[in-house]
Amino acid sequence: SEVYVDFIHTIGEKWRTRRNNSTKLCQLWWQHDNARPHTANNTKEFLLRRKVKIIRQSAYSPDLNQCDRWIFKDMKKCLRKRNFLSSHEILESSLHWFNNVPRDRFENELRKLIDHCKAVIECGGDYVTWK
């Protein structure tokens, strides 16, 4: 939990300082499932103090998570054949990858997710395959 809270704080600082129009943690939406770092009291208290909005993800439903839908797969393809000397190098390379994903890719994937969620709702919550 402490490592996760530190990660959120660090990412929040990067969002606030690296962009032309600064973004605060309370302006972001975080998606959480039932993983221990997400449900720990320390994490919940930190997020509550910072007024971070949480989107709850059902357990065992990776199809509703952008990271599991496409981000991790695409990032791994890009980083797979590289040798990293430190965790800092991995973080910097990952942030570089993220910063270079075209905005329209995110918009397109979010549209697909919205359509997928509508399909899940229409079938009463049953599993729906996605493209």
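Screening residue 22 against (1) more than 18 Å from residue 95 (Cα to Cα); (2) of a type in the set (Gly, Ala, Ser); (3) loosely packed, with under 14 Cβ neighbours inside 10 Å leaves a single unmet condition, (1). Of the helices (runs of 4 or more DSSP H) contained entirely in segment 1-87, those carrying at least 1 residues that are at pLDDT 80 or above and hydroxyl-bearing (Ser, Thr, Tyr) fall at 2-18, 36-39, 41-49. Within segment 64-92, the only residue that satisfies the criterion of being among the acidic types (Asp, Glu) and open to solvent by 70 Å² or more (accessible area, probe 1.4 Å) is 68.
Name the residues in segment 93-106 that are in a helix (DSSP H, G or I) and surrounded by 10 or more Cβ atoms within 10 Å (Cβ to Cβ), would you?
The answer is 93, 94, 95, 96, 97, 98, 105, 106.
Restricting 85, 47, 91, 95 to residues that are touching a residue at least 60 places away in the same chain (Cβ under 8 Å) and more than 30 Å from residue 129 (Cβ to Cβ) narrows the list to 95.
The values are calculated or read from the model by the stated rules, or taken from the named source; none is laboratory data. On a predicted model such as this, the values are computed, not experimentally measured, just so you know. Glycine also receives a Cβ, built like all others from the backbone with ideal geometry; neighbour counts cover every protein chain displayed. Ligands, DNA and RNA are excluded from the accessible area calculation, which covers all protein heavy atoms including side chains. Shrake-Rupley method; radii C 1.70, N 1.55, O 1.52, S 1.80 Å.
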